[in-house]
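Here's the structure, in structure tokens; my notes come after.
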Amino acid sequence: LNGPLPVSEFLETLTLATNWNILVTDNAKKVMLDFWISDTKPKEALEILRFHDIYYEYKEDSRYLYVMTKQEFLERQYGKVEENEFIVQNAPVDYIESVISSLLSPSGRVLTDPRTQRIYVWDTKDNLAKMKTTVAELDVPMAETEFLVKFADVADIESVLTTLMSPSGTLISDPRTSRIVVKDLPDKIAEMKATVSAFDVPLVAQTFTPQFVDA
């Protein structure tokens, strides 16, 4: 069998060879296939469809083959794609973009305009709902606090706080006055306060006198 050949004619040949029941969408029928094959089993010949971005599902029990375009397959798997616009007000727009990109479904796409702090997203309805919740949690005004290190080494506390900072946070330390000023998300600031309280404590001295083992 040689191409170019419309998907509909290719499937007609396939059903004659297999007696499969085949359902194909109108959009998939229009696609032209370019190929040359010989001595190829029907299931192997289906790779021609996949090569041309035509997706299919075969049900062994009913011998039904469902054929559709890639877009139709994605909508079938993940739902219809919708559009949403995010206006970033507080956090860095590139940070919010990276978070949204990590939540994209296979059918989703994102476009960012740094000039207007806008991020345009096309994705499924449930995925957009997750993004809205996440952006609402992250795009909040930054909180600022100052830590006065009393007992620990300032450099040690600074290194610990740095590991807790979000990508949009900032930290300034002054070893002369033992002060560290941090600006970050409110939940990050709360985590830092708890951490500093645990680390910045006075050392306790205690003497141990071994009685039976070598010191």
(message) I want to verify a result. In a Gaussian network model of the chain, Cα cutoff 10 Å, which of these has the top mean-square fluctuation: M32, M192, M142?
(response) M32
(message) Could you identify which residue out of A17, A205, A28 has the top mean-square fluctuation in a GNM of the chain using Cα springs shorter than 10 Å?
(response) A205
(request) Kindly state, as a whole number, the per residue volume in cubic angstrom of the convex hull around the alpha carbon atoms of the stretch 1-84. (result) 98
(request) Set the Förster distance to 35 Å, then compute FRET efficiency between K80 and T15 from the Cβ-Cβ distance, nearest 0.05. (result) 0.70
(request) Apply 1/(1 + (r/R0)^6) to the Cβ-Cβ distance of V204 and Y95, taking R0 = 35 Å, and write down the FRET efficiency to the nearest 0.05. (result) 0.25
(request) Rounded to the nearest 10 degrees, what's the angle between the helix 154-164 long axis and the longest principal axis of the chain, both from Cα atoms, 0 to 90? (result) 20
(request) Can you figure out the FRET efficiency of A155 with K125, using R₀ = 41 Å and their beta-carbon distance, to the nearest 0.05? (result) 0.25
(message) With a 1.4 Å probe and all protein chains left in place, how much accessible area per residue does the stretch 1-105 have, in Å²?
(response) 62
(message) Student exercise: in the chain, how many lysine pairs 8 or more apart or on different chains have Cα atoms under 16 Å apart?
(response) 8
(request) Could you give the size of the charge dipole of the chain about its Cα centre, using +1 on the Cβ of each K and R and -1 on the Cβ of each D and E, expressed in debye and rounded to the nearest 20? (result) 300
(message) Counting only protein heavy atoms and a 1.4 Å probe, tell me what percentage of the chain's accessible area is made up of carbon and sulfur.
(response) 52
(request) With everything on Cα atoms, drop me the angle between helix 7-18 and the longest principal axis of the chain, reported from 0 to 90° to the nearest 10. (result) 70
(message) If I model a spin label as a point 7 Å beyond the Cα along the Cα-Cβ vector, how far apart are those points for L1 and F212 in nm?
(response) 8.6
(request) Name the most mobile residue of T40, T145, T170, meaning the one with the largest mean-square fluctuation, in a Gaussian network model of the chain with Cα contacts below 10 Å. (result) T40
(request) Only bridges with both residues in the chain count here: give the DSSP antiparallel percent, nearest 5. (result) 90
(request) Return one number: the angle in degrees, 0 to 90 and rounded to the nearest 10, between the long axis of the Cα atoms of helix 125-138 and the longest principal axis of the Cα atoms of the chain. (result) 10
(request) Using a/c under 1.5 as the rounded threshold, could you call the chain rounded, prolate or oblate? The axes a ≥ b ≥ c are square roots of the C-alpha gyration tensor eigenvalues, and prolate needs a/b larger than b/c, oblate otherwise. (result) prolate
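The values are calculated or read from the model by the stated rules, or taken from the named source; none is laboratory data. Here the structure is a predicted model, which means the values were calculated and not measured. Every residue, glycine as well, gets a Cβ built from its backbone with ideal geometry; the counts of neighbours run over all protein chains shown. Just so you know, the surface numbers come from the protein's heavy atoms only, side chains and all, with ligands and any DNA or RNA stripped out. Shrake-Rupley method; radii C 1.70, N 1.55, O 1.52, S 1.80 Å.
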